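Okay, so here's the structure we're looking at.
Just so it is clear, none of the values below were taken in a lab; they were calculated from the coordinates. No experiment lies behind these values; they were computed from the predicted model shown. Note that we place each Cβ from the backbone using ideal geometry, even for glycine, and neighbour counts take in every protein chain shown.
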Amino acid sequence: MSNYIAVAKFYVSSVQKFGAPNYQTGEPETTGIRVDLNPVPYKPDDPTHENSKFWTASPSGKMELSIQNKALFDAFEVGREIYLPMILADGVKLEDLSGALHGLVD
């Protein structure tokens, strides 16, 4: 049995920054972001559009992420669409996925 399940397509529906004052300067500093993701919407004017096909497979849901890796902050912009590959973790090592996730796994 393959560990691959599916790929979902979501869009960023909101991004909230959070943080604390910098301990040296006292200035506000973003230390993390909270990202809300929702399934891409159906395109009523084009049922063959890729987003319509993804919506048909997963029309509802929500994912909320708290991210503290500052290198990722700019990747999440409201409206941006994201593919989410789903792979069962059972028996798979992260380093084994490095080819499929090129550049994401160090």
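In table form, for the structure just shown:
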read-out	value
Normalised per residue, the volume of the convex hull around the Cα set of segment 1-47 (Å³)	124
Choice from GLU95, GLU50, GLU64 with maximal GNM fluctuation in the chain (Cα, 10 Å cutoff)	GLU95
10 °C / 1.306 mPa s Stokes-Einstein diffusion coefficient of the chain, Kirkwood radius on C-alpha pairs, µm²/s	98
Max mean-square fluctuation residue, GNM over the chain, Cα-Cα springs under 10 Å, options GLY61, GLY19, GLY91	GLY91
Segment 5-106: chymotrypsin sites (Phe, Trp or Tyr not before Pro) in DSSP loop, at most 16 other beta carbons within 10 Å	TYR23, TYR42
Proximal charge balance of LYS70 [Cβ under 12 Å; K/R count +1, D/E count -1]	-1
